[in-house]
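Quick notes on the structure that follows.
Taken together, the values in this text are just the output of simple stated rules run on the coordinates, not laboratory data. Worth saying up front: this structure is predicted, and the values here are computed from it rather than measured. Don't worry about glycine lacking a Cβ; one is built from the backbone with ideal geometry, like all the others, and counts go over all protein chains shown.
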């Protein structure tokens, strides 16, 4: 089986890492729209337009499934992609919601959703969680965490000040779980969990693997997955980031 | 006279403000490529491609001069634009260098250049300043200052931590002047100058006005300038930012 994995830039590499660990695909093709990244600060119509172009790009490669490994794209373009595609299209929001449902049994748990401006504005995590019986949900856009990860600032005073800026008032709210609603955030997973007294984190990459297994009957049947990287600008840079991230981020 | 002002997004609005104050054009058309912003993290070929497309966009409007109000675009695409355009094309780097030459008489002055990754990598400010006899130049890419301005974080702990991250080791270097080599940075002008003990700041907007006056014989001949805004994505948002920035940034 051949999966196309699409992201606005490098963020979706955290999803690729989970897919590689679980070896449910023989081949993975990753396409990062690095010429137009980020999507999370852009408007709905622009995001939809770019996602439809990405789908066309993948038509060259005869993929069996398209994984939208970007929360902002999943928030706005999934329905449009599904209308046009003749293969399954899965996004990280549905899978994140399913992961919460499976992981958090207490419906009164305090759940924090963090993401880009676009993702949070869509309100899709909150709607999905409420449809599954959760009621205590706080959503915050944390756009500055994206450039911090891109600049490899994963520790220190800037990160601390940024966490305080977004999260200070939530420290006494007993947050039980945090949805990392942007594929950059797994690189800050431990720091975010620590800030909230070891709260559970929901990671788009792990969530999508579980989703593919439970909803599409994929399983670990290959010895390893082959991966190829494509980028709309500066592919060398994408490959260098892939090398760094896929080595350094959390191994399950 | 009708000027086209081009930027990757909203940053060039700081240049527009200076142009509006000096009333050297009857009409100003601003085009922000908000669908593909930022340029400063992207590679040379992509930046050139986008700038040539912007030039074509302006061909619809019969402009008399094109002002590239983005340092990253000026760094990489100015020569290519000049080859193709049949009108004058001016950028903010040449004008910034001229502004330093006019403002700083001591050739031993310590000059700090800050900008995006792309602008600093081009090394054009440093080369230009050295060609004009300045020898003590320090260049630093300060990419995180861009999203801070975009998120309207112009004060507080995150800004302080970010300044310390980039500038701490320069505090004892007696910086005399700072080139704000990104059109977002004028919104932090006072804070940056304060950090360096009231160092002189060179602002792309003021610099381009002086450049147009001295090199192209423009002058204040209109009672006011009319301005129109265009964006490749979400024009409403660009207009809202224009309203906020053009009211709030420094009035000469």
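What is the Rg over Rh value, at two decimals, for segment A:94-203, using alpha-carbon atoms and the Kirkwood definition of Rh?
Working: Rg = 13.1 Å, Rh = 13.9 Å.
Ratio of gyration radius to Kirkwood radius for segment A:94-203: 0.94.
Could I have the simple spin-label model distance between residue B:198 and residue A:26, label points 7 Å from Cα toward Cβ, reported in nm to one decimal?
Here the modelled spin labels are 7.3 nm apart.
Ranking B:53, A:210 by Cβ neighbours within 10 Å, fewest first, what do you get?
On the way: B:53 12, A:210 17.
If I rank by nearby Cβ atoms, fewest first, I get B:53, A:210.
When chain A is modelled as a GNM with alpha-carbon springs shorter than 10 Å, which of A:50, A:125, A:216 fluctuates the most?
A:216
For segment B:164-243, compute Rh as the Kirkwood radius over C-alpha pairs and then the Stokes-Einstein diffusion coefficient at 37 °C and 0.692 mPa s; write the answer in µm²/s, rounded to an integer.
Values: Rh = 15.6 Å.
Estimated diffusion coefficient is 210 µm²/s.
Going by how many other Cβ atoms sit within 10 Å of their own, how do A:70, B:51 line up, fewest first? Don't skip to the answer; put the middle values down first.
On the way: A:70 37, B:51 28.
Fewest-to-most ranking of A:70, B:51: B:51, A:70.
Once the Cα atoms of helix A:44-58 and of chain A are each reduced to a long axis, what angle between those two axes, in degrees from 0 to 90 to the nearest 10, is obtained?
Once rounded, the angle reads 40 degrees.
Using a Förster distance of 30 Å, how high is the FRET efficiency between residue A:131 and residue A:56, based on the Cβ-Cβ distance and rounded to 0.05?
Working: r = 32 Å, r/R0 = 1.07.
My answer for the efficiency is 0.40.
Please state the relative contact order of segment A:153-252 as a whole percent: Cα pairs under 8 Å, 6+ residues apart? Please list the in-between numbers first.
On the way: 50 pairs, mean separation 21.3, N = 100.
Worked out over segment A:153-252, it gives 21 percent.
Counting every Cα pair in chain B, what percent are over 31 Å apart? Don't jump to the answer; show the numbers that get you there.
Details: 5509 of 31626 pairs.
The proportion of pairs with Cα distances above 31 Å equals 17 percent.
From the label point of residue A:136, set 7 Å from Cα along Cα→Cβ, how far away are the matching label points in the other copies, in nm, ordered shortest to longest?
Counterpart label points of residue A:136 in the remaining copies fall at 5.9 nm.
Could you grab the relative contact order for segment A:94-203? Cα pairs under 8 Å, six or more apart, rounded to a whole percent.
Working: 141 pairs, mean separation 36.0, N = 110.
33 percent.
Among A:127, A:97, A:114, determine the one that fluctuates most according to a GNM of chain A built with springs between C-alpha atoms less than 10 Å apart.
Maximum fluctuation in the GNM of chain A, among the listed residues, is at A:127.
Would you kindly work out, in nm and rounded to one decimal, the distances from the label point of residue A:52 to those of the same position in each other copy, ordered shortest first, with label points 7 Å along Cα-to-Cβ?
Computed spacing set for this position: 2.6 nm.
From Cα pairs below 8 angstrom and at least 6 apart in sequence, can you work out the relative contact order of chain A, rounded to a whole percent?
Working: 453 pairs, mean separation 75.8, N = 252.
It rounds to 30 percent for chain A.
log₁₀ I(q)/I(0) of the protein assembly as shown at q = 0.09, 0.11 Å⁻¹, via Debye over equal Cα point scatterers, no solvent, to two decimals?
Cα-only, vacuum Debye calculation for the protein assembly as shown: -0.66, -0.94.
Using a 7 Å offset from the Cα along the Cα-to-Cβ direction at both residue A:215 and residue B:103, what is the distance between the two label points in nm, to one decimal?
Distance between label points: 5.5 nm.
For peptide B:136-147, what's the mean number of Cβ atoms from other chains within 10 Å of each residue's Cβ? Walk me through the intermediate numbers first.
Details: counts 0, 0, 0, 0, 0, 1, 0, 3, 8, 1, 1, 10.
Taking all residues of B:136-147 together, the mean is 2.
Could you pull the copy-to-copy label distances for residue B:171, with points set 7 Å along Cα to Cβ, in nm to one decimal and sorted shortest first?
Ordered by distance, the counterparts are at 2.4 nm.
Going by how many other beta carbons lie within 10 Å of each one, how would you line up B:189, B:59, fewest first?
On the way: B:189 17, B:59 12.
Arranged by neighbour count, lowest to highest, B:189, B:59 become B:59, B:189.
If I model a spin label as a point 7 Å beyond the Cα along the Cα-Cβ vector, how far apart are those points for residue A:190 and residue B:165 in nm?
1.9 nm
What's the angle, to the nearest 10 degrees (0 to 90), between helix A:204-216's Cα axis and the longest principal axis of chain A?
Tilt relative to chain A: about 60 degrees.
222 nm [θ] for chain B, helices only, -39500 (n - 2.57) per DSSP H run of 4+, per residue, to 500? Please list the in-between numbers first.
On the way: 11 runs with 116 residues, N = 252.
Taken over chain B, the calculation gives -14000 deg cm²/dmol.
For helix A:157-167, what angle does its Cα long axis make with the longest principal axis of chain A, in degrees from 0 to 90 and rounded to 10?
Taking the Cα atoms of chain A, the angle to A:157-167 is about 80 degrees.
Among B:83, B:107, B:17, whose mean-square fluctuation peaks in a Gaussian network model of chain B (Cα, cutoff 10 Å)?
Maximum among the listed residues: B:83.
Can you work out the FRET efficiency for the pair residue B:243 and residue A:222, with r the C-beta to C-beta distance and R0 = 45 Å, to the nearest 0.05?
Values: r = 55 Å, r/R0 = 1.23.
Efficiency, from the Cβ-Cβ distance: 0.25.
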